[in-house]
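In what follows, a structure is listed as structure tokens, so that the remarks can point back to it.
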Amino acid sequence: MAEYEFTARENEVVGRLGRRAKLWGWISAIGGVLCLFAALLGMRLGADSSRILLFLLAALPQLSVGLSFLGAGRSLVGVVETRGNDVTLLMDALGNLTVAMKIQIAITLVFVLLVVANAAGVYSIG
Amino acid sequence: MDDIAGTTRDHEFTEEQNADLRAVGSHAITWGFVCVSAGVACIGLGLLGATGKLHGTAWRLVLPSGVINSIAGVNFLIAGRDFRAAVHTQGCDVRHVMEGLTHLSRAILVQILLGLATIALVVLGAQLSGGH
């Protein structure tokens, strides 16, 4: 069965989201790499281990969010550039966006828990 | 204007596709609530700082970041509602999905601006602390 083909106007909406998702993916991924670099630099300079752990914990989810948004952006741009698989590619992109949002939600929850635990004196950073 | 109400053709999504749309809609709504809650908390702290009830000048950064977070959150909430509408309604699926994508696009743009502003502030802060 032939799939639904998006119109030029619809492709414009999908393409815009694709470009923005890719840009956000790059920003997140670069942020993750910088955190990883900071952790490695901290290890080399003998920094406090809790700070190194904090940078490592920040780097992995940032990289995951970045890669998910990059994947979503690539699929969305694919919707615009290809013919015949528009709905399938859009669903792939939405799946990647769902994963990215799940990770963002999880990071925030962990961050809130860490802040609450820090405030309650369960542990101390630095 | 991003409204795409002029769409004439339509397509009904399958059950499997509706499940994907439901998932992205639910997560967009959850993330929207998180952003709005964080935004409102920042605005509250910012207002306390602005009125002198909290010490320091951090409120000058906290207040605008709260407003920006709230704007992103509202767009995520609206996008989630649009995706859910595509699942629950018959006959306007593509229009609802396009409206959802438009709001998601705006929300991501706001996140990008907030991310870039944060990076700029971190770099500026590092330079200032390095200078002392």
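The values are calculated or read from the model by the stated rules, or taken from the named source; none is laboratory data. As the structure is a computational prediction, the values presented were derived from the model and not from experiment. A quick note on method: Cβ atoms are made from the backbone with ideal geometry, for glycine too, and the neighbour counts reach across all protein chains shown.
Given the options B:57, B:102, name the one that is more than 26 Å from residue A:110 (Cα to Cα), facing another protein chain (nearest Cβ under 9 Å) and of a type in the set (Ser, Thr, Tyr).
Unique residue meeting the criteria: B:102.
Residue B:16 - would you say it is out of contact with any Cys (no Cβ under 8 Å at 6 or more places or on another chain), within 12 Å of another protein chain (Cβ to nearest Cβ) and part of a helix (DSSP H, G or I)?
Taking the combined requirement at face value, the residue satisfies it.
Quick one: count up the residues across segment B:10-45 that are farther than 17 Å from residue B:84 by Cβ, among the hydrophobic types (A, V, I, L, M, F, W, C) and in contact with a Phe, Trp or Tyr (Cβ under 8 Å, 6 or more places away or on another chain).
Of the residues in that region, 2 qualify.
Give the number of residues within segment A:69-123 that are assigned to a helix (DSSP H, G or I), within 19 Å of residue A:15 (Cβ to Cβ) and either among the hydrophobic types (A, V, I, L, M, F, W, C) or more than 8 Å from every other protein chain (Cβ to nearest Cβ) (or both).
Matching residues across segment A:69-123 total 25.
Would you tally the residues in segment A:13-27 being touching a residue at least 24 places away in the same chain (Cβ under 8 Å) and either basic (Lys, Arg) or more than 8 Å from chain B (Cβ to nearest Cβ) (or both)?
Matching residues across segment A:13-27 total 7.
Residue-wise test of (1) within 14 Å of chain A (Cβ to nearest Cβ); (2) modelled with pLDDT of 90 or more.
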residue	(1), (2)
B:38	yes, yes
B:48	no, yes
B:52	no, no
B:75	yes, yes
B:92	yes, no
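Test of understanding: among B:71, B:43, B:108, which residue is part of a helix (DSSP H, G or I), away from chain A (no Cβ under 14 Å) and under 14 Å from the mean Cα position of the chain (by Cα)?
Selected residue: B:71, the only one of B:71, B:43, B:108 that is part of a helix (DSSP H, G or I), away from chain A (no Cβ under 14 Å) and under 14 Å from the mean Cα position of the chain (by Cα).
Could we say that residue B:95 is surrounded by fewer than 19 Cβ atoms within 10 Å (Cβ to Cβ) and among the basic types (Lys, Arg) here?
Answer is no for this residue.
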